[in-house]
Amino acid sequence: MNTATLTSRPAPIPWLPFIRSEVSLLISCFAFVVIAVGQIGAIGVHFFGFDRVTMAYANFWAFDFTLIGMLIVPWLPLPSLHNHTRAQRLDLMVQVWVCTYVAIVFTWEIPWLLLYKHIAVAHDQFWAYQFWAYIDGGDIRYKDPDAQVLFAEFWTCLNGVGALFAIRAWFKSNKTSAAAVFYLMLAAVGHITTSAQYFLTETLTGFPNVDVTVASNFWAKFVFSNCSWMIMPFIVIVWGMGTIKRIYSQNPAR
């Protein structure tokens with residue numbers, strides 16, 4: 001990514017130092033939307049009696065909108081990206097994706113994996129709402145998870161922890177760490193296998209955990225909320241192959 005291009009323009013919001021361009025502004029807005037919708041849902045359900053399923057579906061649609069939005073931002077005709085090549089835009093897209101799934105791992109999946117037994121009996125507890133919203137939205141596997149679900153989540157958490165170190169090494173090396181790229185490609189393979197297992201299992205068994213008659217359940221939850229973990233890993237692998245080639249061509253002694 002051409003960071004000089006991104007930082008050479010005046011900051012859109014000077015009193016927010018992490019908002020350095022239209023790119024970071026848009027991504028921050030998308031992140032704020034999904035966080036706000038989740039909190040509004042929790043407050044609405046627990047203090048104003050809003051319907052849990054309706055709010056869960058709203059969470060899914062908001063998540064889908066914001067995740068897809070963040071991944072599209074690098075390809076928009078923004079002034080700060082005017083001089084970026086396709087490779088640089090792809091690089092930015094992958095960075096957004098990795099940072100997003102790492103954030104999800106540390107804010108949702110690891111806490112769920114550590115506390116799932118407590119969450120299962122905390123249906124009416126405010127602190128457990130973010131987990132129950134997923135269950136209320138139709139995926140009852142997470143109420144009483146079997147070994148398959150636990151293994152998939154454990155593997156995803158390992159991927160996320162490793163990806164945190166990899167993306168840190170990537171930035172710290174000024175985007176020259178081949179090891180970081182190789183790990184992110186390996187993590188992508190892990191995402192493909194667990195996602196394919198989920199989609200195939202549900203499809204071949206007649207969608208036991210998906211209500212195909214409700215658009216918010218089938219499309220928002222089953223398809224759109226999960227398909228990024230099936231599509232983006234292939235994009236990461238393509239990015240990784242091109243990036244490794246670039247790294248070694250710039251430093252043949254490696």
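The values are calculated or read from the model by the stated rules, or taken from the named source; none is laboratory data. Everything numeric in this text was worked out from a predicted model, so none of it was measured. Don't worry about glycine lacking a Cβ; one is built from the backbone with ideal geometry, like all the others, and counts go over all protein chains shown. Note: accessible area is taken over every heavy atom of the protein model, side chains too, but ligands, DNA and RNA are not part of it. Shrake-Rupley method; radii C 1.70, N 1.55, O 1.52, S 1.80 Å.
Mind listing whichever residues of the range 54-79 are buried (at least 17 other Cβ atoms within 10 Å of the Cβ) and of a type in the set (A, V, I, L, M)? Of everything in the range 54-79, those that are buried (at least 17 other Cβ atoms within 10 Å of the Cβ) and of a type in the set (A, V, I, L, M) turn out to be 55, 56, 58, 62, 67, 70, 71, 73.
Here the range 199-228 is the region considered, the condition is being open to solvent by 20 Å² or more (accessible area, probe 1.4 Å) and within 20 Å of the chain's Cα centre (by Cα), and the residue that is farthest from residue 157 (Cα to Cα) is 216.
Contact annotation: residue pairs with Cβ atoms under 6 Å, 6 or more positions apart or on different chains, pairing a residue in the range 39-53 that is outside any helix (DSSP H, G or I) with a partner that is surrounded by 14 or more Cβ atoms within 10 Å (Cβ to Cβ), are 50/44. The single residue among 173, 249, 195, 216 that is touching a residue at least 40 places away in the same chain (Cβ under 8 Å) and among the polar types (S, T, N, Q) turns out to be 216.
When the residues of the range 142-158 are narrowed to those that are over 20 Å from the mean Cα position of the chain (by Cα) and either polar (S, T, N, Q) or crowded, with 17+ Cβ neighbours inside 10 Å (or both), which ends up modelled with the lowest pLDDT? Going through the qualifying residues, I end up with 148.
Looking only at the range 83-108, residues that are of a type in the set (A, V, I, L, M) and not in a helix (DSSP H, G or I) come to 0 in all. Being on the phi < 0 side of the Ramachandran plot, of a type in the set (Phe, Trp, Tyr), open to solvent by 20 Å² or more (accessible area, probe 1.4 Å) and at pLDDT 95 or above is a description that does not apply to residue 101. Evaluate the following for residue 139: is it surrounded by fewer than 20 Cβ atoms within 10 Å (Cβ to Cβ) and farther than 23 Å from residue 239 by Cβ? When the stated conditions are applied, residue 139 does not pass them.
Just one of the numbered conditions (1) touching a helix residue (DSSP H, G or I) at 6+ places or on another chain (Cβ under 8 Å); (2) not in a helix (DSSP H, G or I) is not true of residue 213: (1). A single entry from 91, 146 fulfils the requirement of being touching a helix residue (DSSP H, G or I) at 6+ places or on another chain (Cβ under 8 Å) and among the charged types (D, E, K, R): 91.
Just one of the listed residues (181, 161) is within 22 Å of the chain's Cα centre (by Cα), surrounded by 16 or more Cβ atoms within 10 Å (Cβ to Cβ) and not aromatic (Phe, Trp, Tyr), and it is 181.
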